[in-house]
Amino acid sequence: MKDDRIRVAFVIDTIFEPTGGTETQLLALLAGLDRSRFDTHLFCLRSSGWLAEEARGLEWTNLDTHVSPRWSLLVRVHQFASKLRRERFDIVQTHFKDANLVGVLAAWRAGTASIISTRRGVPYWRSRPELFALRQLNRVPTVFIANSEATKERFAKWERIDDDRRAVHKETGFAHVELSLAERGDHTVGEGS
């Protein structure tokens with residue numbers, strides 16, 4: 001029997017403990033999505049004590065990836081892209097600096113239909129070369145989700161993100177994948193409600 005559930009990969013740098021705002025919201029989203037409609041998986045670039053000991057029942061993978069300008073990063077991105085392609089994820093949603101880089105690149109290489117890149121708080125690029133690279137990478141995601149109107153405008157200005165690919169999800173800062181997909185009947189993602 002064919003599994004018609006929508007496959008969603010969530011990518012984050014790591015979860016040290018479930019008390020941070022983004023981490024708490026992501027874990028709540030993973031727990032709250034309707035399993036009869038969605039098949040979800042959490043990918044962490046790095047493991048943590050909390051993930052190793054406390055994340056029982058959570059389907060997750062440690063990608064063991066450290067972002068640095070080395071060939072090993074390209075190999076890891078290629079391996080992750082192969083996994084995304086092989087497991088046929090429909091949506092990839094990324095969180096935090098390193099996951100936005102690795103997750104977006106891998107999803108693009110895998111040919112993922114919808115790529116969601118999230119933004120929150122203060123911009124995380126540190127230098128002009130990083131900002132230039134981020135602006136180039138920003139051509140890839142289907143939509144950017146910000147956790148506030150101010151964040152949306154700040155990142156739009158600094159990163160030059162198109163108006164038609166920006167949204168704000170006021171309650172959690174995450175795309176409300178379930179409502180968006182149900183309303184559209186496809187794998188595109190827009191602003192949540």
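Here are the numbers for the structure shown:
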read-out: Expected-Rg normalisation [2.2 N^0.38 Å, Cα atoms] applied to the stretch 40-106; value: 1.11
read-out: Amide proton proximity set for Val11, modelled H, under 5 Å, gap of 5+; value: Phe43, Gln93, Thr94, His95
read-out: Radius 13 Å from Cβ of Glu87, net charge of other residues (Lys, Arg +1; Asp, Glu -1); value: +2
read-out: Potential extension, Lys97-Ala28 segment - 0.36 nm per residue separation minus Cα distance; value: 22.8 nm
read-out: Extended-chain gain in nm, criterion 0.36 nm per residue less alpha-carbon gap, Glu130 and Val75; value: 17.8 nm
read-out: Contour minus Cα-Cα distance for Glu87 and Arg139 (0.36 nm per residue); value: 16.3 nm
read-out: Residue-normalised accessible area of the stretch 31-122, given per residue in Å² at a 1.4 Å probe; value: 49
read-out: Cα convex hull volume per residue for the stretch 68-164 (Å³); value: 90
read-out: Ordering of 28-41, 139-152, 96-109, 76-89 by burial proxy (mean other Cβ atoms within 10 Å per residue, highest first); value: 96-109, 139-152, 76-89, 28-41
read-out: Compactness of the stretch 1-136 - radius of gyration and Dmax, Cα, Å; value: 14.8, 51
read-out: Nonlocal amide H pairs with Ala146, under 5 Å, H built at 1.01 Å; value: Arg119, Ala167, Val168, His169
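The values are calculated or read from the model by the stated rules, or taken from the named source; none is laboratory data. Nothing here was measured: the structure is a model prediction, and the numbers come from that model. Glycine gets a Cβ as well: all are built from the backbone with ideal geometry, and neighbour counts include every protein chain shown. With ligands, DNA and RNA removed, areas are computed over all heavy atoms of the protein, side chains included. Shrake-Rupley method; radii C 1.70, N 1.55, O 1.52, S 1.80 Å.
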